[in-house]
Structure formats: C-alpha cells, structure tokens
Amino acid sequence: MSVRKSYTPEFKMKIFLEIIREEKTLAQLSSEYGVHPTQLKQWKKIALEGLPTLFTDEQRAIEKVKKEYEKQSAELYAQIGRLTTQLDWLKKKSGILPQSK
C-alpha cells in the first residue's frame, strides 16, 4: 500500500518559481525535491492557468464575498450560542429541565 505525499502550497510555489526561472531542468528539480516530473508539469500548468485571475476584479470580488460570508457565519454562530443559553435558562425556570443544586 503506497502513501500519497502531501505538499504545502508554499512548497509548490517555491518549485513553480524555480521551474519558470528555467535555471534547472524538470529532471533536476524532480531529483532535488523528490517530486515526479509529471507532478511538476501539473503544478506549472495549474499555476499558469490561475495567474490571470490574480489581477482581475472578479478575484477581488470573490475575496470580498468570502470575507463577508466568514463575518456573517461568525455572527450567526455567536447568536446560536446566545439563544442556546437563553433556551436552557428558560427550560430550567419553567421546570422542563431539572434545576441543578
């Protein structure tokens, strides 16, 4: 049974930058970092396809929506916490839940 290696985005970026510098061949980079040349080609392709979106308004809009979603999500979880506490208190006061002594 083989174990798949997992690489961080930072590691992939470092290798991509070396690939586009063209100071070393893919075979040399593959040997140096222990990553198959086919995988290096795939990372290069993914990076080159994604680069144009870094400079578009669309990407900034996506980031803005993402931040708004995270903020709203945090607010909703806080509200759920408050409501749960209030509900438990009301249950205890109404006699639905036994009161702790």
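Among the listed pairs K24/K66; K44/K71; K71/K91; K66/K91; K45/K66; K67/K93, those whose Cα-Cα separation exceeds 32 Å are K24/K66; K44/K71; K66/K91; K67/K93. Note on K67, K12, K24: ascending count of other Cβ atoms within 10 Å places them as K67, K24, K12, the fewest first.
Exposure proxy check: F11, F16 ranked by fewest other beta carbons within 10 Å?
Arranged by neighbour count, lowest to highest, F11, F16 become F11, F16.
Cross-link reach is defined here as a Cα-Cα straight distance under 28 Å, omitting same-chain residues fewer than 8 places apart; for K92 the lysines meeting it are K101. Each Cα pair under 8 Å and six or more residues apart adds its separation to the average, and for segment 7-55 the resulting relative contact order is 31 percent. Taking all Cα pairs closer than 8 Å and separated by 6 or more residues, the relative contact order of the chain comes to 13 percent. Structural size metrics of segment 7-55, computed from C-alpha coordinates, are Rg and Dmax of 10.6, 33 Å.
Among V35, V65, V3, the order by Cβ neighbours within 10 angstrom, fewest to most, reads V3, V65, V35. Neighbours of L83, meaning other residues whose beta-carbon lies under 14 angstrom from its beta-carbon, give a summed charge of 0 when Lys and Arg score +1 and Asp and Glu score -1.
Size descriptors for the chain (Cα atoms only): Rg and Dmax, in that order, 25.6, 76 Å. For a straight C-alpha distance cut-off of 16 angstrom, the aspartates and glutamates reachable from K41 (same-chain residues fewer than eight places away being disregarded) are E18, E22, E23, E32, E49.
Values quoted throughout were computed directly from the atomic coordinates according to the rules given, and no laboratory measurement underlies them. All values derive from a computational prediction rather than experimental measurement. A quick note on method: Cβ atoms are made from the backbone with ideal geometry, for glycine too, and the neighbour counts reach across all protein chains shown.
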